[in-house]
1. What is the one condition in (1) in contact (Cβ under 8 Å) with a residue 60 or more places away in the chain; (2) under 16 Å from the mean Cα position of the chain (by Cα) that Leu60 does not satisfy?
2. For the range 1-119, which fully contained strands (runs of 3 or more DSSP E) count at least 3 residues that are hydrophobic (A, V, I, L, M, F, W, C)?
3. Consider Lys46 against the criteria (1) over 28 Å from Val168 (Cβ atoms); (2) buried (at least 18 other Cβ atoms within 10 Å of the Cβ); (3) of a type outside the set (Val, Ile, Thr); (4) at pLDDT below 95: it satisfies all of them except one. Which criterion is unmet?
4. I need every pair where a residue in the range 1-19 that is surrounded by 24 or more Cβ atoms within 10 Å (Cβ to Cβ) has its Cβ under 8 Å from the Cβ of a residue that is part of a loop (DSSP other than H, G, I, E, B) and polar (S, T, N, Q), sequence separation at least 6 or different chains.
5. For the structure I just gave you, tell me whether Phe119 is touching a residue at least 40 places away in the same chain (Cβ under 8 Å) and surrounded by fewer than 17 Cβ atoms within 10 Å (Cβ to Cβ).
6. With respect to Ile207, determine if the residue is of a type in the set (A, V, I, L, M, F, W, C), part of a loop (DSSP other than H, G, I, E, B), surrounded by fewer than 17 Cβ atoms within 10 Å (Cβ to Cβ) and on the phi < 0 side of the Ramachandran plot.
7. Among (1) surrounded by fewer than 24 Cβ atoms within 10 Å (Cβ to Cβ); (2) out of contact with any Cys (no Cβ under 8 Å at 6 or more places or on another chain); (3) within 30 Å of Ser217 (Cα to Cα), which single condition is Phe65 missing?
8. Can you pull out the residues in the range 44-82 that are closer than 18 Å to Arg259 by Cβ and among the aliphatic types (A, V, I, L, M)?
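The values are calculated or read from the model by the stated rules, or taken from the named source; none is laboratory data. Just so you know, these numbers come straight off a predicted model, no measurement behind them. Cβ atoms come from the backbone with ideal geometry, glycine included; neighbour counts cover every protein chain shown.
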Amino acid sequence: MCLVVIAYRVHPDFPLVIVSNRDEFFERPTEPIHTWDTYPKMIAGKDLKAGGTWLGTNHLGKVAFLTNVRNFKKTPHPKPKSRGGLVLDFLKSPIGFSANQYKEEVLKTALDYEGFNLFVFDGKVASYVGGDPLQSYDLEPGFHAVSNANWNTVWPKTAKLKASVEQVFDSFPMNENWRTLVTLEFFRLLANTDLVKEDSLLPDTGIGLERERYLSSIRIRVPGYGTRASTVLFYGKNGAEMLERTFPDPLSNEYSERREVIEFSES
């Protein structure tokens, strides 16, 4: 995951809504969201190279996602573990294993990975661990945004998407049609390819100004690299729904759609 906005305990019927784009090299083998043959039962995409995932939820009501922290000014980790395993391990954790417990476990091994932002939610508490320098805390209700810097760091595209998602929440009445209407709006926002025009607003992550420009849009479109999937997750009181649009290549306006639903239970 490379750009995520969440609405945490903003909607009375959906304590968590996730609006996200996953950016990756298109040559990296990937499965779109699907139901995994695991216990706990879960829905998530799959990185076929390392076996992990970037966003998912399970039937115990747990949710996790991860973005990379981009800092090419630092010396690379000599033998990093795959960060997608951090998401997968929480989704596979047993009933009763809380977000706070997992957060403490991750803190013990965080230096085994390249930089990351990890969000975990157990149905009661939402926690964050990651960043550079490493930090962890529980989240307050409201809107949050993260890309490839520390949690809630203001980059032009995180600020733009967060403000736009907030506006969607303010614009549509929270009735029985709300989810259908806002889904279309969220996907429209995630498809925005406008680049930041003022170089002074761009971050400096050590990749050079030209690449910072290419990566400044909400949906990234660079030959061989870019937004591979746009995903919206609605976490309700009895279950969760994930909707995803996947792109065949970074420059294409065509996409395929998938929808996965999971019901919560304690067994």
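1. (2)
2. Values: elements: 3-8, 16-25, 30-36, 42-47, 55-58, 63-68.
Those strands (runs of 3 or more DSSP E) span 3-8, 16-25, 42-47, 63-68.
3. Looking at each condition in turn, Lys46 falls short on (4).
4. From the range 1-19, the pairs are Leu3/Ser147; Val4/Ser147.
5. no
6. Taking the combined requirement at face value, the residue satisfies it.
7. Unmet condition: (1).
8. Of everything in the range 44-82, those that are closer than 18 Å to Arg259 by Cβ and among the aliphatic types (A, V, I, L, M) turn out to be Ala44, Leu55, Val63.
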